[in-house]
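Participant: Quick one: structure below, then a few questions.
The values are calculated or read from the model by the stated rules, or taken from the named source; none is laboratory data. Small disclaimer: the values here were computed from a predicted structure and weren't measured. Methodologically, a virtual Cβ is constructed for each residue, glycine included, from the backbone with ideal geometry; neighbour enumeration extends over all protein chains shown. Just the protein is used for accessible areas: all its heavy atoms, side chains included, with ligands, DNA and RNA removed. Shrake-Rupley method; radii C 1.70, N 1.55, O 1.52, S 1.80 Å.
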Amino acid sequence: MKIAVLAVQGAFAEHIDKLKKLGADFVELRQAADLDQDFDGLILPGGESTVQGKLLRELSMFAPIQEKIKRGLPVLATCAGLILLAQEISNDSNVYFGTLPVRVQRNAYGRQLGSFHTEQEFVGIGRVPMTFIRAPYIESVIPVRFDEHHVLARVDGRIVAVRFGNQIGVAFHPELDEDDRIHEMFLGMCG
Ligand code: GLN
């Protein structure tokens, strides 16, 4: 099994460390040619969604990645990655891949609470540590007729993790904590 990690900007190295720890093969996506090889899953890391979106277009990687996601490639998107997947961004006029029918709010926790750590229930896993860094949250899921959303986690009533089909979007950074279970669950979807 081989997992691709978008590596144009942001916290991709920590995801790669997790994959190494879990014994999964990986490829870094740095340029369009990297998309030619076969892979079984994709990780979209945290970072700055505006910068990642711009680089993806400049590097001609945007359309091919979007196509793969639409065709059902399993995706784990964290923080800025969640923003890239979202169909709507309430406080930003951009939309990126738009494959995940949710409405997110960027930098949703304000300045003082911009970064924080907590531990909450994650469906199917149990309590997991959650590190939020200038994170978005999911304001609402956008109903669609053909498939269902699964809300995976909430913090203070706000949705911070969701699964829709093969896409998992989380507002926090599971790659920054010792706990490997979210990555393990994702690898289970890819194999
Ligand atoms: N604030 C960033 C954005 O809007 C996301 C932060 C992160 O990925 N840690 O893209």
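Participant: Within the set of pairs 6+ apart or on separate chains, which have a first residue in region 87-108 that is over 18 Å from residue 44 (Cα atoms), a second that is among the small types (Gly, Ala, Ser), and C-beta atoms under 7 Å apart?
Facilitator: Hits for this filter: 108/135.
Participant: State all residues of region 1-35 that are among the basic types (Lys, Arg) and within 14 Å of the ligand (Cβ to nearest atom); if no residue qualifies, say none.
Facilitator: The answer is none; no residue qualifies.
Participant: Tell me, yes or no, whether region 123-140 has at least one residue that is in contact with a Lys or Arg (Cβ under 6 Å, 6 or more places away or on another chain) and among the polar types (S, T, N, Q).
Facilitator: yes
Participant: Which residues, taken from region 130-143, are of a type outside the set (A, V, I, L, M) and either within 12 Å of the ligand (Cβ to nearest atom) or modelled with pLDDT under 95 (or both)? I'd like the intermediate steps shown before the answer.
Facilitator: So the first thing to find is which residues in region 130-143 are of a type outside the set (A, V, I, L, M), and the list is 131-132, 134, 136-137, 139-140, 143.
Correct list: 131, 132, 134, 136, 137, 143.
Participant: Got at least one residue in region 144-162 being within 16 Å of the ligand (Cβ to nearest atom), within 28 Å of residue 8 (Cα to Cα) and surrounded by fewer than 20 Cβ atoms within 10 Å (Cβ to Cβ)?
Facilitator: Scanning region 144-162, I find no residue that is within 16 Å of the ligand (Cβ to nearest atom), within 28 Å of residue 8 (Cα to Cα) and surrounded by fewer than 20 Cβ atoms within 10 Å (Cβ to Cβ), so the answer is no.
Participant: Which residue pairs have Cβ atoms closer than 6 Å, lie 6 or more positions apart in sequence or on different chains, and pair a first residue in region 178-189 that is modelled with pLDDT of 95 or more with a second residue that is part of a helix (DSSP H, G or I)?
Facilitator: Listed pairs, sorted by first residue: 182/174; 183/18.
Participant: Could you count how many residues in region 147-168 are touching a residue at least 12 places away in the same chain (Cβ under 8 Å) and at positive phi?
Facilitator: Here the count works out to 1.
Participant: Oh, and also: Looking at region 34-72, which of the residues that are in a helix (DSSP H, G or I) and among the acidic types (Asp, Glu) is surrounded by the fewest Cβ atoms within 10 Å (Cβ to Cβ)?
Facilitator: Looking at residues that are in a helix (DSSP H, G or I) and among the acidic types (Asp, Glu), I get 36.
Participant: Would a scan of region 128-140 turn up a residue that is within 25 Å of residue 68 (Cβ to Cβ) and either touching a residue at least 40 places away in the same chain (Cβ under 8 Å) or in contact with a Cys (Cβ under 7 Å, 6 or more places away or on another chain) (or both)?
Facilitator: Our first condition is that a residue be within 25 Å of residue 68 (Cβ to Cβ); within region 128-140, this holds for 136, 138.
This time we only want the ones that are either touching a residue at least 40 places away in the same chain (Cβ under 8 Å) or in contact with a Cys (Cβ under 7 Å, 6 or more places away or on another chain) (or both), so: 136, 138.
Checking region 128-140: at least one residue is within 25 Å of residue 68 (Cβ to Cβ) and either touching a residue at least 40 places away in the same chain (Cβ under 8 Å) or in contact with a Cys (Cβ under 7 Å, 6 or more places away or on another chain) (or both).
Participant: Among the residues of region 73-123, which ones are outside any strand (DSSP E or B), of a type in the set (Val, Ile, Thr) and more than 9 Å from the ligand (Cβ to nearest atom)?
Facilitator: Within region 73-123, 95, 99, 123 meet the criteria.
Participant: Identify the residue in region 9-33 that is open to solvent by less than 30 Å² (accessible area, probe 1.4 Å) and outside any helix (DSSP H, G or I) and, among all such residues, is nearest to residue 97 (Cα to Cα).
Facilitator: Checked region 9-33; the qualifying residue nearest to residue 97 (Cα to Cα) is 29.
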